[in-house]
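Read the structure below first, then the notes.
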Amino acid sequence: MGEKRNALITIGLISGIIFILTIADFISEERLFSETENRVLASKPDFSAEALFLGDYTEKYETYVTDQFVSRDKWISVHTYTDLFLQKQEINGVYLGADGYLIEQHLPEKYTVAQETQKLDLLEKLVKRWDAMVMLVPTADNILTDKMPAYGPYYDETRLLAQVEERVGENHCVDVYSMLWDHRQEEIYYRTDHHWTSLGAYYGYLAWTEAMGYEAFYHGSEALETVTDEFLGTLHSKINLPIEGEKIQYFPETEEHVAKVTYDFQSVTDSCYEESHLDTKNKYAFFMDDNHGFVEIETECHNGKAIFVIKDSYANCFIPMLTSHYEKIYVVDLRYFNGRLFGFMEKYEPEEGMDVLVLYNCIHFLDGFMYVE
């Protein structure tokens, strides 16, 4: 009888907690955006018999409940503390690396040969049509190997880079890997975010100028200026633990040549930097005002030269360094661009032609590089 009573009490407590949380979910206001995680949250899906039968409704509803769960951020912290107690080296897709580094996990089995082939086919078409340069940046797990947990698996990006070189030719590739590897003991990646730092991007810039045969403008680490020391990036959001913020820095010299920046044909400014984002969670948006479908930059370098950059967010702190080399810089982020890419590029190509640069980190290239000719 005692065991039966205890079982009933346990069932009652669990049912009560589930009931209370369910009611709380119903009466709480739906959130559109998580500033902590810096992403749009799932909204309640529309019900239909067809969607229910195909399984789409239940799948979307499960995502909705997960995203809109009451006190979601606090539950993430509880989950993290539990995993720490169990001495896990990976929490919610983030490795707990040495020296306070949080390193995004990229499991090798996630990236298939078919996926690699699809992206390489698209890249080869683009390079052949536009004589483009390709700059695929390795992620922290491939460079900061001494910070990785022992035996932590990761996707080997050197194999992908070798395939890219084979498909498009060595003369179309910027060897960022070697440059970053040589400087791996420096602050080239953020500790709480998946991006490279401005210093890391500068070393990428040096690799790019070498590949292009351009004279590099010197931006030494001593020239970096700190705009905030309270940055906590997307990887921190996945574990949500009390961690000391880190610096975001930039090179003030990169502002000297900018005359006009137009975002999505609407917003116009005279800088590649937007300080208002430093007062928000998404402080990395300081660079290039976050992500936009199309950006046009006009500079004071009246040399008639133009470049078209096809990119992900890794390019945001890199692009300002191009303002010393080009009169016009056109930037497309394919995640926010709808239309035929080649036709759009032709509208902006001057008679004397333009340089084209594809700049992604290796993982974003595999996950998101896609266009319609």
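Data overview
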{"item": "Test result for residue 148, in contact with a strand residue (DSSP E or B) (Cβ under 8 Å, 6 or more places away or on another chain), in contact (Cβ under 8 Å) with a residue 12 or more places away in the chain and open to solvent by less than 10 Å² (accessible area, probe 1.4 Å)", "result": "no"}
{"item": "Residues that are closer than 18 Å to residue 254 by Cβ, open to solvent by less than 10 Å² (accessible area, probe 1.4 Å) and either of a type outside the set (A, V, I, L, M) or in contact with a Gly (Cβ under 7 Å, 6 or more places away or on another chain) (or both), drawn from the stretch 294-310", "result": "299"}
{"item": "In the stretch 336-373, the residues that are under 16 Å from the mean Cα position of the chain (by Cα) and open to solvent by less than 70 Å² (accessible area, probe 1.4 Å)", "result": "358, 359, 360, 361, 362, 363, 364, 365, 366, 368, 369"}
{"item": "All positions within the stretch 193-222 that are without any contact (Cβ under 8 Å) to a residue 60 or more places away in the chain, open to solvent by 30 Å² or more (accessible area, probe 1.4 Å) and part of a helix (DSSP H, G or I)", "result": "206, 210, 221, 222"}
{"item": "Test: residue in the stretch 255-265 that is touching a Gly at 6+ places or on another chain (Cβ under 6 Å) and either surrounded by 20 or more Cβ atoms within 10 Å (Cβ to Cβ) or closer than 30 Å to residue 147 by Cα (or both)", "result": "no"}
{"item": "Residue check, residue 270 surrounded by fewer than 16 Cβ atoms within 10 Å (Cβ to Cβ) and either modelled with pLDDT under 95 or among the acidic types (Asp, Glu) (or both)", "result": "yes"}
{"item": "Looking only at the stretch 223-239, and only at residues there that are polar (S, T, N, Q) and in a strand (DSSP E or B), the one that is most open to solvent (accessible area, probe 1.4 Å)", "result": "226"}
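The values are calculated or read from the model by the stated rules, or taken from the named source; none is laboratory data. Just so you know, these numbers come straight off a predicted model, no measurement behind them. Please note: Cβ atoms are built from the backbone with ideal geometry, for glycine as well, and neighbour counts cover all protein chains shown. Keep in mind that these areas ignore ligands, DNA and RNA; they rest on the heavy atoms of the full protein, side chains included. Shrake-Rupley method; radii C 1.70, N 1.55, O 1.52, S 1.80 Å.
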